[in-house]
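Shown next, in structure tokens, is the structure this report addresses.
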Ligand code: GLU
């Protein structure tokens, strides 16, 4: 298997869209699978789009997802620097070499003039191609010889039919009509994406150029550049867009897709997000859905990356997360999982000891989907819930019972549970008592247990009753049952 040298080349623009981060996952998996290298390169040459702090966010997000890079910021490497803004001389050197060969030129045309060309071509209904307006060779020659920063450098295109292979999209071809004199070096002396990435991929010995499918239409221009520069052509791997939940459009912020930072803040685990995104547009041909990072590396292959867009599904992220919570608790235990939950407990849990919170977590984790649900799901373990008799009287199992019956059922429950001394207040004894309560009351489990459950939690769901009672403790449990009984009695007056 060829060792793949792949890269993730984000622009530090602040917001990390989940579609963008998927463009890091596949290159990472391919590099690891083949024993190659995964490079991180920061494409920060577009000063207008630059957002301060954005690079840190990228590094932090990749680390959080476990996508550690072999070369790049912080770790270094033999092909650095890994910030394009620090490689300006290199791009200029290549651009000057192209000028020397007659394959590029310094272009003095002011942007207003270019706008005019565009406008008049539009009016004539012909496609705007700058090469049709290229200044005459005699005009260009002098300028190109004495080039200084401040004048853009353009490629002298060589339009002809071009065909190439894309590892995901298959065999492709395009005619000369899409090839143009693209800008290589801008007015500010920095390169365009179109030029810089080609130089960097070559210098960094990248074998697989993996990126979003939006660059496909520019590939003929890139092929012309590889040719003019005498660079070998890397493998192209175009990754299809992630589609919005409905319709046939690319997923955008407006479709409810959050940034990676927001999913993290919601309590989506990195394992789950990595798993979800990797499987969004790739599968190994089996029904398997849950993959650890190591399993993904093992199973990954480029030929199973789909060539059509996969649909984004927020519910599925929660599903993956729930699965991962259960998997991690099963594998590592509650003690090891607990630190991941620390920031998600509510204010009301603040003064409770870790040991108590671990017990709560231990009985609720299997219902948890995202960690930010923890607060609402567990509030009643820390503060007495507000008594809401409507929930009791309107409950589908309790509707048939009168308030007198409900109050005496609670009375009976208190008197039976009270018999358990503090030191025996555990799940097993509690279950035995609940069973005998069923017999004594002659009620159905759904009736008796719904009543006790509601009186303890006033929550739509709670874990098994004996476990809830055990964790809440004897004193709190009995106090809550008594309080609800009194509330029902006073409601009757
Ligand atoms: N800097 C480009 C972007 O953020 C990356 C394109 C590429 O991977 O080559 O969209």
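The values are calculated or read from the model by the stated rules, or taken from the named source; none is laboratory data. Bear in mind that the values here come from a model prediction, so they are computed numbers and not experimental data. Cβ sites come from the backbone with ideal geometry, for glycine too, and all protein chains shown count toward neighbours.
Across the stretch 195-205, which residue is nearest to residue 159 (Cα to Cα) among those that are within 10 Å of the ligand (Cβ to nearest atom) and in contact with a helix residue (DSSP H, G or I) (Cβ under 8 Å, 6 or more places away or on another chain)?
Let us first name the residues in the stretch 195-205 that are within 10 Å of the ligand (Cβ to nearest atom), namely 196-198, 200-201.
Now narrow it down to the ones that are in contact with a helix residue (DSSP H, G or I) (Cβ under 8 Å, 6 or more places away or on another chain): 196, 198, 200.
Details: 196: 21, 198: 18, 200: 24 Å.
Only one residue fits best here, namely 198.
Name every residue in the stretch 5-20 that is more than 13 Å from the ligand (Cβ to nearest atom) and crowded, with 22+ Cβ neighbours inside 10 Å, in order of residue number.
Pass one, the stretch 5-20, residues more than 13 Å from the ligand (Cβ to nearest atom): 5, 18.
Result: 5, single match.
Just give me the residues in the stretch 214-246 being within 21 Å of the chain's Cα centre (by Cα) and free of Cβ contacts under 8 Å to residues at least 12 places away in the same chain, in sequence order. Full working, then the answer.
From the stretch 214-246, those within 21 Å of the chain's Cα centre (by Cα) are 214, 237-246; that's our starting set.
The one that is within 21 Å of the chain's Cα centre (by Cα) and free of Cβ contacts under 8 Å to residues at least 12 places away in the same chain: 246.
Going residue by residue through the stretch 135-154, is there one that turns out to be assigned to a loop (DSSP other than H, G, I, E, B) and closer than 23 Å to residue 210 by Cα? Walk me through how you get there before you give the answer.
Pass one, the stretch 135-154, residues assigned to a loop (DSSP other than H, G, I, E, B): 135-136, 146-152.
Restricting the remaining residues to those that are closer than 23 Å to residue 210 by Cα gives none.
Among the residues of the stretch 135-154, not one is assigned to a loop (DSSP other than H, G, I, E, B) and closer than 23 Å to residue 210 by Cα, which makes the answer no.
Working only within the stretch 50-86, note down all residues that are buried (at least 17 other Cβ atoms within 10 Å of the Cβ), touching a helix residue (DSSP H, G or I) at 6+ places or on another chain (Cβ under 9 Å) and part of a strand (DSSP E or B).
Within the stretch 50-86, 72 is the sole residue that qualifies.
Please go through (1) part of a helix (DSSP H, G or I); (2) over 29 Å from residue 368 (Cα atoms); (3) without any contact (Cβ under 8 Å) to a residue 24 or more places away in the chain for residue 429 and return the number of the only condition it doesn't satisfy.
The one condition residue 429 does not meet is (2).
Residue-wise test of (1) farther than 22 Å from residue 4 by Cα; (2) within 14 Å of the ligand (Cβ to nearest atom); (3) in contact with a strand residue (DSSP E or B) (Cβ under 6 Å, 6 or more places away or on another chain).
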{"residue": "177", "(1), (2), (3)": "yes, no, no"}
{"residue": "187", "(1), (2), (3)": "yes, no, no"}
{"residue": "192", "(1), (2), (3)": "yes, yes, yes"}
{"residue": "221", "(1), (2), (3)": "yes, yes, no"}
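Please state which one of 60, 71 is more than 14 Å from the ligand (Cβ to nearest atom) and more than 19 Å from residue 205 (Cβ to Cβ). Spell out how you get there, then give the answer.
Working: 71 fails: more than 19 Å from residue 205 (Cβ to Cβ).
Of the residues listed, the single one that is more than 14 Å from the ligand (Cβ to nearest atom) and more than 19 Å from residue 205 (Cβ to Cβ) is 60.
Looking for something within 14 Å of residue 187 (Cβ to Cβ), loosely packed, with under 12 Cβ neighbours inside 10 Å and free of Cβ contacts under 8 Å to residues at least 24 places away in the same chain - is there at least one such residue anywhere in the stretch 91-111?
yes
Restricting to the stretch 21-49, name every residue that is free of Cβ contacts under 8 Å to residues at least 40 places away in the same chain and either within 12 Å of the ligand (Cβ to nearest atom) or part of a strand (DSSP E or B) (or both).
Matches in the stretch 21-49: 37, 38, 49.
For (1) surrounded by fewer than 19 Cβ atoms within 10 Å (Cβ to Cβ); (2) under 40 Å from the mean Cα position of the chain (by Cα); (3) touching a residue at least 60 places away in the same chain (Cβ under 8 Å), each residue gets a yes or a no:
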{"site": "436", "(1), (2), (3)": "yes, no, no"}
{"site": "457", "(1), (2), (3)": "no, yes, yes"}
{"site": "468", "(1), (2), (3)": "no, yes, yes"}
{"site": "481", "(1), (2), (3)": "no, no, yes"}
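One line per residue, one yes/no per condition, for (1) at pLDDT 95 or above; (2) outside any loop (DSSP other than H, G, I, E, B); (3) closer than 30 Å to residue 249 by Cα:
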residue	(1), (2), (3)
291	yes, no, yes
295	yes, yes, no
298	yes, yes, no
322	yes, yes, yes
355	yes, yes, no
359	yes, yes, no
365	yes, yes, no
375	yes, yes, no
379	yes, yes, no
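Which one of 268, 260 is within 15 Å of the ligand (Cβ to nearest atom) and either touching a helix residue (DSSP H, G or I) at 6+ places or on another chain (Cβ under 8 Å) or farther than 26 Å from residue 98 by Cβ (or both)? Even if it seems obvious, please write down each step before you answer.
On the way: 268 fails: within 15 Å of the ligand (Cβ to nearest atom).
Answer to the selection: 260.
Right, residue 369: in a loop (DSSP other than H, G, I, E, B) and within 25 Å of residue 17 (Cβ to Cβ) or not? Give the steps one after another, and end with the answer.
Working: in a loop (DSSP other than H, G, I, E, B): yes; within 25 Å of residue 17 (Cβ to Cβ): yes.
Spelling it out, residue 369 is indeed in a loop (DSSP other than H, G, I, E, B) and within 25 Å of residue 17 (Cβ to Cβ).
If you go through the stretch 445-454 one residue at a time, do you hit one that is within 28 Å of residue 350 (Cα to Cα) and under 39 Å from the mean Cα position of the chain (by Cα)? Spell out how you get there, then give the answer.
Taking the stretch 445-454 as the starting set, the residues that turn out to be within 28 Å of residue 350 (Cα to Cα) are 452-454.
Among the residues that remain, those that are also under 39 Å from the mean Cα position of the chain (by Cα) are: 453-454.
Yes, because at least one residue in the stretch 445-454 is within 28 Å of residue 350 (Cα to Cα) and under 39 Å from the mean Cα position of the chain (by Cα).
Would a scan of the stretch 438-445 turn up a residue that is touching a helix residue (DSSP H, G or I) at 6+ places or on another chain (Cβ under 8 Å), modelled with pLDDT under 95 and assigned to a loop (DSSP other than H, G, I, E, B)?
no
Hey, does the stretch 253-266 have a residue that's in a loop (DSSP other than H, G, I, E, B) and at pLDDT 95 or above?
Taking the stretch 253-266 as the starting set, the residues that turn out to be in a loop (DSSP other than H, G, I, E, B) are 256-258, 266.
Within this subset, residues satisfying the condition of being at pLDDT 95 or above are 266.
Within the stretch 253-266, one or more residues are in a loop (DSSP other than H, G, I, E, B) and at pLDDT 95 or above.
Just need a number here: residues in the stretch 7-17 that are in contact with a helix residue (DSSP H, G or I) (Cβ under 6 Å, 6 or more places away or on another chain) and more than 22 Å from residue 198 (Cα to Cα).
Total satisfying the criteria: 2.
Taking the condition within 14 Å of the ligand (Cβ to nearest atom), over 30 Å from residue 316 (Cα atoms) and either assigned to a loop (DSSP other than H, G, I, E, B) or touching a helix residue (DSSP H, G or I) at 6+ places or on another chain (Cβ under 9 Å) (or both), does residue 215 pass?
Working: within 14 Å of the ligand (Cβ to nearest atom): yes; over 30 Å from residue 316 (Cα atoms): no; either assigned to a loop (DSSP other than H, G, I, E, B) or touching a helix residue (DSSP H, G or I) at 6+ places or on another chain (Cβ under 9 Å) (or both): yes.
No, not satisfied.
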